[in-house]
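For reference, the structure discussed in these notes is given below.
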Amino acid sequence: MKNRVLIVSPHFPPINAADHQRIRMALPYFQEFGWKVTVLCVDPNLIEGIHDPNLVLTVPENIEIIQSSAISPQLSRKFRLGNLAFRSIPSLIKATAKYFEKNHFDLVYFSNTVFLTMVLGRYWLYKYKVPYILDFQDPWLSDYYDRTNTKPPGGKLKYAAVQSFAKILEPFTLHKASHITSVSPDYPQTLRQRYPWLTSEQFTVLPFGAPAKDFEILPTLNLDNKIFDPNDGNQHWVYVGRGGDDMSFSINALFSAIQKHRQRDLETWQKVKIHFIGTKYSIFDNSKPIEAIANSYNLSDIVTEYPQRIPYFEALKVLTDSHGILIIGSDDQGYSASKVYPCILSRKPILAILHQNSLVVNVIESCKAGQVVTFSNPITENIVETLTPKLLWLLSQSQSPEVTTDWQAFEPYTAKSMTHQLCAIFDNYVS
């Protein structure tokens, strides 16, 4: 008889959201490793965001899905309250009550960034004696924006309110958690410093798994590339992912290096087009700060920013149609860019600019998947001279790409391998 786990992932297909990536990648393999999965999510019609109906194709038919209701965003925004947790927690409790009453679950796993939902772990543990495990994909309580004096997503007032709740609810939730998985080694270190009663045995650093199955599905979807024409004679480089002030060092270094080389060799850059796609969190924000930075370096004819996110499979199509891929890293050393795996699986030349302590550096270098430029202190460092030869490498590769990825070295990063490790954690706490 298989053990049963309830996975709490409010944003779930067809919602195009990064915080269900770990679970969506793992779903095909849970049964093989002895676990029957039920996913708890919110009705996608009640979630603001990009919908991609093709994501549903990646969910195995044997996965049980519980969809809860929520207060509609149209109603809640009249009171300036859009947070999904506030809108959905009562409904999440109601939707699962009969399952818990029948001892349907052996374990609960919270894998999302809607952090307030994690408090339900304490509730279900107290009422039904079901242990829970937390997955930290991002920091819940963070001093990053105060420490760096940068503007947080949603503005300072909203972020301050969220962090006020986090100061109370993070320790309350962690105190009874059986285990914590984390995409970055920085998060366990920070949490143990903050809460000395946590032990190293309670943590496992577990990056997301690589979505190989998605690339098997991609050619069957016959999707159009709405960003650029890969056959128009230009070299199209792409960055797909969020922007933010914490990436300004990497972006400025990139544009400065291009500007300096372009001044010496204008012809080389005449057919290069760089596309930044899905850089904004909010569907209501259409500003283009990366384009503004590019303009300051006289690169407006090269750089185009598309602030709104595009459906997941359309993003994969853009990556596979590109001639070169950029991975822009944060100056926060704990930031772990899960987008590295789709970039590698796209089989295109990669140039990454990353903090030297980022896990992504080791992934790219160990698999020989591309070139990496690292930094440690964005305040004092200048990486332009280091970056220039890497740009020339990308220029040569995007004209005649040669994939050198070591796929055997890449195997430990696959979704199946990561799911095996996750299920071993589950087994330990159920036994």
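Considering only residues of the range 123-169 that are of a type in the set (K, R) and either assigned to a helix (DSSP H, G or I) or not assigned by TED's automatic domain parsing to the domain that holds P90 (or both), which is farthest from the chain's Cα centre (by Cα)? This residue is K127.
Here N382 passes the criteria (1) modelled with pLDDT under 95; (2) under 30 Å from P131 (Cβ atoms); (3) in contact with a helix residue (DSSP H, G or I) (Cβ under 9 Å, 6 or more places away or on another chain) except the one numbered (2). Candidates P207, P188, P196: the one that is buried (at least 18 other Cβ atoms within 10 Å of the Cβ) and not in a helix (DSSP H, G or I) is P207.
Does K288 meet the test of being closer than 20 Å to A17 by Cβ and of a type in the set (D, E, K, R)? Criteria not met by K288.
Filtering the range 246-273 to residues that are of a type in the set (G, A, S) and over 12 Å from V384 (Cβ atoms) leaves only S248. Among the numbered conditions (1) part of a helix (DSSP H, G or I); (2) buried (at least 17 other Cβ atoms within 10 Å of the Cβ), the only one that F276 does not meet is (1). Tell me yes or no: at least one residue of the range 136-158 is at positive phi and surrounded by 12 or more Cβ atoms within 10 Å (Cβ to Cβ). Yes, the range 136-158 has at least one match. The one condition from (1) assigned to a helix (DSSP H, G or I); (2) free of Cβ contacts under 8 Å to residues at least 12 places away in the same chain that L92 does not meet is (2).
Comparison of S111, S76, S72 shows that the only residue that is in contact with a Phe, Trp or Tyr (Cβ under 9 Å, 6 or more places away or on another chain) and not aliphatic (A, V, I, L, M) is S76.
State whether one or more residues within the range 208-215 are in contact with an Asp or Glu (Cβ under 8 Å, 6 or more places away or on another chain) and touching a residue at least 60 places away in the same chain (Cβ under 8 Å).
Of the range 208-215, the ones in contact with an Asp or Glu (Cβ under 8 Å, 6 or more places away or on another chain) are none.
No, the range 208-215 contains no residue that is in contact with an Asp or Glu (Cβ under 8 Å, 6 or more places away or on another chain) and touching a residue at least 60 places away in the same chain (Cβ under 8 Å).
Candidates are the residues of the range 282-303 that are part of a loop (DSSP other than H, G, I, E, B) and of a type in the set (G, A, S); the one that is modelled with the lowest pLDDT is S282.
Only one of the numbered conditions (1) more than 24 Å from the chain's Cα centre (by Cα); (2) surrounded by 18 or more Cβ atoms within 10 Å (Cβ to Cβ); (3) not β-branched (V, I, T) is not met by N103, and that is (2). Only one entry of S142, S111, S182 meets the criterion of being under 30 Å from A415 (Cα atoms) and touching a residue at least 60 places away in the same chain (Cβ under 8 Å), and that entry is S111.
Number of residues in the range 24-68 that are part of a helix (DSSP H, G or I), under 23 Å from T220 (Cα atoms) and not charged (D, E, K, R) equals 11.
In the range 253-272, what residues are among the aliphatic types (A, V, I, L, M) and either farther than 17 Å from W237 by Cα or in a helix (DSSP H, G or I) (or both)?
Of the residues in the range 253-272, the ones among the aliphatic types (A, V, I, L, M) are 253-254, 257-258, 266, 272.
Once the filter is applied, which keeps residues that are among the aliphatic types (A, V, I, L, M) and either farther than 17 Å from W237 by Cα or in a helix (DSSP H, G or I) (or both), the range 253-272 yields A253, L254, A257, I258, L266.
Could you please let me know if I283 is in contact with a helix residue (DSSP H, G or I) (Cβ under 8 Å, 6 or more places away or on another chain) and of a type in the set (A, V, I, L, M, F, W, C)?
Judged against the criteria, I283 is not a match.
Among the residues that make up the range 29-41, is at least one of them under 25 Å from D224 (Cα atoms) and in the same structural domain as N83 (by TED's automatic domain parsing)? It would help to see each step written out before you state the result.
Applying the first criterion (under 25 Å from D224 (Cα atoms)) to the range 29-41 yields none.
The answer is no, given that none of the residues of the range 29-41 is under 25 Å from D224 (Cα atoms) and in the same structural domain as N83 (by TED's automatic domain parsing).
Cβ-Cβ distances below 6 Å connect the following pairs, each with a first residue in the range 270-296 that is charged (D, E, K, R), a second residue that is in a loop (DSSP other than H, G, I, E, B), and a separation of six or more residues or different chains: K271/N234; K273/N234; K280/P307; K288/P307.
The values are calculated or read from the model by the stated rules, or taken from the named source; none is laboratory data. The model shown is predicted, which means the values in this text are computed figures rather than measured ones. Positions of Cβ are generated from backbone atoms using ideal geometry, with glycine treated the same way; all protein chains shown enter the neighbour counts.
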